[in-house]
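Okay, structure first, notes after.
The values are calculated or read from the model by the stated rules, or taken from the named source; none is laboratory data. All values derive from a computational prediction rather than experimental measurement. Here the Cβ positions follow ideal geometry from the backbone for every residue, glycine too, while neighbour counts run over all protein chains shown. Quick note on the areas: whole protein, heavy atoms, side chains included, nothing else; ligands and nucleic acids left out. Shrake-Rupley method; radii C 1.70, N 1.55, O 1.52, S 1.80 Å.
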Amino acid sequence: MSNDVVLLILRLAASAALLGFVGAIGWMLWQDFQQSAKVAVKQSVFSRGRLVVTESDVEGVQPGQSWVLQPVTKLGRATTNTIVIAEPFASNEHALVAWRGGQWWLEDLKSSNGTLLNGVRIQEPTVLSAGDVIGFGRVLMRLEIE
């Protein structure tokens with residue numbers, strides 16, 4: 001057998017081995033992804049919540065009006081927020097309500113006038129409970145959890 005044929009056979013064998021190795025890595029990554037997705041779905045146990053307006057002096061925002069919370073819900077004046085409230089004392093991106101670690105959290109997004117939780121201005125992300133009242137500007141909203 002000539003050297004050219006031997007080199008061709010060795011190159012084909014090395015290519016097949018490399019392709020098999022890459023395929024095995026891809027298959028293992030896919031299996032790991034599938035397992036992680038199953039665990040994430042089991043652990044997410046997402047608690048549905050809603051914000052209900054209890055007091056408002058803002059046009060277009062009436063007591064009793066409510067919004068269903070998304071896993072990440074931004075509140076403020078800008079139209080890019082999940083909940084848009086045209087309150088002059090609210091910042092464009094005022095506050096964030098997010099589902100993290102099996103709990104609802106409230107975070108002020110460095111707003112000019114601050115975000116209140118049960119009448120107290122929050123300084124850092126804070127865990128919410130059912131019935132808590134969130135305030136910014138002239139709007140108060142109560143958290144209801146299903």
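When peptides 50-56, 119-125 are sorted by average Cβ neighbour count within 10 Å, with the highest value leading, the order is 50-56, 119-125.
At a probe radius of 1.4 angstrom, the accessible area of the stretch 53-146 per residue rounds to 53 square angstrom.
Calculated mean residue ellipticity, 222 nm, the chain: -10500 deg cm²/dmol, from DSSP H runs (n ≥ 4) at -39500 (n - 2.57) each, averaged per residue and rounded to 500.
Note that the chain, at 4 °C in a medium of 1.567 mPa s, gets a Stokes-Einstein diffusion coefficient of 69 µm²/s from its Kirkwood radius over C-alpha pairs.
Ordering of 14-25, 95-106 by packing is 95-106, 14-25, highest average first (other Cβ atoms within 10 Å, averaged per residue). Legend: translational diffusion of the stretch 61-117 by Stokes-Einstein, Rh = Kirkwood radius over C-alpha pairs, 37 °C, 0.692 mPa s; D = 279 µm²/s. Rounded to a whole number, what % of the accessible area of the chain do carbon and sulfur atoms account for, probe 1.4 Å? Carbon and sulfur atoms account for 59 percent of the accessible area of the chain. Taken along the Cα-to-beta-carbon direction at a fixed 7 Å, the label points for ILE25 and VAL133 span 5.9 nm. Rounded to the nearest 10 degrees, the inclination of helix 3-44 to the longest alpha-carbon principal axis of the chain is 20 degrees.
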